[in-house]
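As structure tokens, the structure follows; a few thoughts come after it.
The values are calculated or read from the model by the stated rules, or taken from the named source; none is laboratory data. The shown structure was predicted, so the numbers you read here are calculated from the model rather than taken from an experiment. Using ideal geometry, Cβ is built from the backbone for each residue, glycine included, and neighbour counts are taken over all protein chains shown.
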Amino acid sequence: MNRIPHLRLCLALLAAFFLTGGCGIYSFSGTSIQPDVKTICIEPVINKATKVNPALANQLTESLNDKFRKLTKLEQVPDAGDLNLLVTIDSYDVRATAVTAGDVAAMNRLTVTCKVVFTNTLHPEDNLEQSFAGYEDYDSNNSLDMVESQLCDAIIQKIVDDIFNATVAQW
């Protein structure tokens with residue numbers, strides 16, 4: 001057996017791994033953070049929705065902190081980071097999505113909309129101001145109180161993923 005081609009292929013793959021892994025711009029977690037960016041400040045989420053879920057802002061803040069802590073090497077600082085993230089909950093709304101023949105709602109939808117202001121002090125071309133929304137449907141036979149916690153968990157996860165992807169993954 002001739003092992004030279006296999007050895008060359010392995011060495012080429014290993015070299016490519018070290019060359020791309022050391023550049024600091026792209027990582028296997030999907031982030032594209034410039035190598036000179038070291039810190040992030042995630043402000044506590046502000047809830048400006050007319051209808052307020054008292055736990056939502058704190059849950060969203062914690063989920064954002066966890067996501068950035070787990071998937072980046074950025075140091076989280078209380079203020080004036082290289083990256084700064086400000087999130088405001090603008091709406092928390094329940095609406096009927098499916099109506100039966102008797103004009104009765106069969107399904108309801110809980111929607112949360114957030115405004116995000118992302119500032120990159122070192123690379124202003126990456127700044128972002130955008131709204132993100134997440135929703136979950138539920139059977140109208142259930143009261144919102146019965147399903148609200150589960151719905152909010154799923155909505156928060158979606159919004160956090162969207163914010164992360166738009167800010168540091170730049171998808």
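Go through the residues of the range 121-141 one by one and say whether even a single one is among the β-branched types (Val, Ile, Thr), closer than 25 Å to ILE40 by Cα and crowded, with 19+ Cβ neighbours inside 10 Å.
no
What's the number of the only condition in (1) under 29 Å from VAL37 (Cα atoms); (2) surrounded by 14 or more Cβ atoms within 10 Å (Cβ to Cβ) that PRO78 fails to meet?
(2)
Of all residues in the range 38-52, which are under 13 Å from GLN76 (Cβ atoms) and out of contact with any Lys or Arg (no Cβ under 9 Å at 6 or more places or on another chain)?
THR39, ILE40, CYS41, ILE42, GLU43, PRO44
What residue, among those in the range 34-84 that are in a helix (DSSP H, G or I) and among the hydrophobic types (A, V, I, L, M, F, W, C), is farthest from VAL94 (Cα to Cα)?
In this case the residue turns out to be LEU71.
Could you tell me whether any residue of the range 63-82 is modelled with pLDDT under 95, small (Gly, Ala, Ser) and under 30 Å from SER143 (Cβ atoms)?
no
Exactly one condition in (1) hydrophobic (A, V, I, L, M, F, W, C); (2) in a helix (DSSP H, G or I); (3) over 18 Å from CYS41 (Cα atoms) is false for ALA106; which is it?
Going through (1) hydrophobic (A, V, I, L, M, F, W, C); (2) in a helix (DSSP H, G or I); (3) over 18 Å from CYS41 (Cα atoms) one by one, ALA106 breaks only (2).
The rows are residues; the columns are (1) more than 28 Å from VAL147 (Cα to Cα); (2) β-branched (Val, Ile, Thr); (3) within 18 Å of the chain's Cα centre (by Cα).
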| residue | (1), (2), (3) |
| --- | --- |
| VAL37 | yes, yes, no |
| ILE40 | yes, yes, yes |
| LYS48 | no, no, no |
| PRO54 | no, no, no |
| THR61 | no, yes, yes |
| VAL87 | no, yes, yes |
| SER91 | no, no, yes |
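Restricting to the range 121-146, what's the tally of residues that are without any contact (Cβ under 8 Å) to a residue 24 or more places away in the chain and either in a strand (DSSP E or B) or over 27 Å from THR167 (Cα atoms) (or both)?
Residues that pass the stated criteria total 6.
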